[in-house]
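Some notes on the structure that comes next.
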Amino acid sequence: DQILRESMHKYKPIAWEDIAGLDYAKSTFMETIIHPLQRPDLFKGVRRPPRGVLLFGPPGTGKTLIAKCIASQSKATFFSINPSTLTSKWVGEGEKLVKTLFAVAAAHQPAIIFMDEVDSLLSQRSDNEHESSRRMKNEFFIQLDGASTNEDDHIVIIGATNRPQELDEAVRRRFVRRIYVSLPVAQARQQIIHKLVQQIHHNLSDAQMQGLAELTEGYSGADMDSLCRYAAMQPLRALTSSQIDAIDAQQLSAVTMADFMEALQHVSRSISTED
Ligand code: ATP
């Protein structure tokens with residue numbers, strides 16, 4: 001009960017414009033989740049969308065962000081389940097919990113169940129797998145299959161994983177629609193910088209932001225976020241504690257290209273090319 005209450009998050013609304021790039025993922029979600037939840041009468045029978053959608057791709061590329069955005073845009077009840085905490089906290093209770101989760105979601109339709117790190121909950125079956133975790137997986141399959149046969153059911157399950165190769169066939173089959181969430185291209189990286197520096201006093205020109213986007217090939221969205229945070233702190237790092245105490249916020253110097261060049265020395269891309 002406590003876990004389920006914790007998982008019914010209320011996020012600050014996230015708009016599609018807050019997510020840089022990923023146009024294919026966005027349009028797929030409009031078609032498979034947003035529109036069908038708005039107009040279930042149009043999306044039935046052969047047009048009925050899949051219940052299970054899998055987001056896969058490198059860490060920090062916006063999978064969680066997309067799920068939160070869908071929750072804000074669709075006005076569905078949003079359940080967020082992180083299997084690694086679930087399984088450790090609730091050893092042996094997983095099966096019951098999955099059953100309850102789907103029952104509560106059914107009572108709060110339309111509902112979206114977001115399962116982060118779905119690979120760690122539904123990883124390939126191994127011989128020494130615990131009986132309780134096997135039962136939980138089976139319960140999950142039963143619920144997923146049940147949801148997909150009932151026309152009046154408006155529950156969507158979004159799974160996210162950085163390691164899709166660790167999902168077994170039984171799991172993959174149930175996530176009918178699979179969407180690759182890629183690293184941001186230069187234009188998307190520039191958009192992320194642009195959005196973040198809007199929150200602070202800076203003197204970067206558009207050309208400089210474009211230059212930074214070109215210098216950050218291979219950076220994920222989360223890396224871009226860390227880079228901007230590091231640069232944004234530079235004017236404060238130049239001050240002593242007593243200066244910080246006394247300074248008027250308006251007097252703080254602008255964040256410059258030099259601050260970003262310094263940040264680039266400290267924040268590198270987190271994903272290697274072999275990934
Ligand atoms: P993980 O697989 O590690 O859970 P994830 O793919 O779910 O990662 P998020 O948690 O969605 O990644 O992204 C982390 C942060 O990085 C976001 O909160 C956001 O600040 C930033 N970010 C990532 N991708 C984007 C993007 N495409 N546009 C804007 N910001 C992004």
In segment 18-69, residue farthest from V171 (Cα to Cα) [restricted to those that are open to solvent by 20 Å² or more (accessible area, probe 1.4 Å) and among the β-branched types (V, I, T)]: V46
In segment 221-236, the residues that are open to solvent by less than 70 Å² (accessible area, probe 1.4 Å) and within 16 Å of G60 (Cβ to Cβ): G221, A222, D223, M224, D225, S226, L227, C228, Y230
Odd one out for A249 among (1) closer than 25 Å to L55 by Cβ; (2) of a type in the set (A, V, I, L, M, F, W, C); (3) out of contact with any helix residue (DSSP H, G or I) (no Cβ under 9 Å at 6 or more places or on another chain): (1)
Number of the condition not met by G62 [criteria: (1) within 16 Å of the ligand (Cβ to nearest atom); (2) touching a Pro at 6+ places or on another chain (Cβ under 9 Å); (3) modelled with pLDDT under 85]: (3)
Residues within segment 152-170 that are part of a helix (DSSP H, G or I) and in contact with a strand residue (DSSP E or B) (Cβ under 8 Å, 6 or more places away or on another chain), tallied: 2
Qualifying positions in segment 52-71 - out of contact with any strand residue (DSSP E or B) (no Cβ under 6 Å at 6 or more places or on another chain) and within 15 Å of R177 (Cβ to Cβ): I66, I70
Residue satisfying condition, being more than 11 Å from the ligand (Cβ to nearest atom), open to solvent by 80 Å² or more (accessible area, probe 1.4 Å) and either modelled with pLDDT under 95 or not aliphatic (A, V, I, L, M) (or both), within set H201, H154: H201
Residues within segment 178-198 that are touching a strand residue (DSSP E or B) at 6+ places or on another chain (Cβ under 9 Å) and near the ligand (Cβ under 10 Å from one of its atoms), tallied: 1
All positions within segment 107-134 that are open to solvent by 50 Å² or more (accessible area, probe 1.4 Å) and modelled with pLDDT of 80 or more: A107, H108, Q109, E117
Residue among P83, P50 that is at pLDDT below 85 and away from the ligand (no atom under 15 Å from the Cβ): P50
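So that you can scan it fast, the table gives a plain yes or no per residue for (1) of a type outside the set (A, V, I, L, M, F, W, C); (2) closer than 30 Å to P36 by Cα:
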| residue | (1), (2) |
| --- | --- |
| I158 | no, yes |
| Q191 | yes, yes |
| C228 | no, no |
| A231 | no, no |
| R237 | yes, no |
Pairs with Cβ under 8 Å, 6+ apart, first in segment 162-180 and of a type in the set (D, E), second open to solvent by less than 80 Å² (accessible area, probe 1.4 Å) and in a strand (DSSP E or B): E166/S123; D168/S123
Qualifying residue in segment 234-244 (condition: within 24 Å of the chain's Cα centre (by Cα) and of a type outside the set (V, I, T)): no
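For every residue, the table says whether it meets (1) more than 30 Å from R47 (Cβ to Cβ); (2) touching a Cys at 6+ places or on another chain (Cβ under 6 Å); (3) surrounded by 14 or more Cβ atoms within 10 Å (Cβ to Cβ); (4) not acidic (D, E).
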{"position": "E169", "(1), (2), (3), (4)": "no, no, no, no"}
{"position": "V181", "(1), (2), (3), (4)": "no, no, yes, yes"}
{"position": "L196", "(1), (2), (3), (4)": "yes, yes, yes, yes"}
{"position": "S205", "(1), (2), (3), (4)": "yes, no, no, yes"}
{"position": "Q208", "(1), (2), (3), (4)": "yes, no, yes, yes"}
{"position": "Y219", "(1), (2), (3), (4)": "yes, no, yes, yes"}
{"position": "A238", "(1), (2), (3), (4)": "yes, no, no, yes"}
{"position": "V267", "(1), (2), (3), (4)": "yes, no, yes, yes"}
Qualifying residue in segment 28-38 (condition: assigned to a helix (DSSP H, G or I) and within 16 Å of the ligand (Cβ to nearest atom)): yes
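The values are calculated or read from the model by the stated rules, or taken from the named source; none is laboratory data. Remember, predicted model here, so these are calculated numbers, not experimental data. With ideal geometry, Cβ positions are generated from the backbone for all residues, glycine too; neighbour counts draw on all protein chains shown. Side chains included, ligands, DNA and RNA excluded: accessible areas come from the protein's heavy atoms. Shrake-Rupley method; radii C 1.70, N 1.55, O 1.52, S 1.80 Å.
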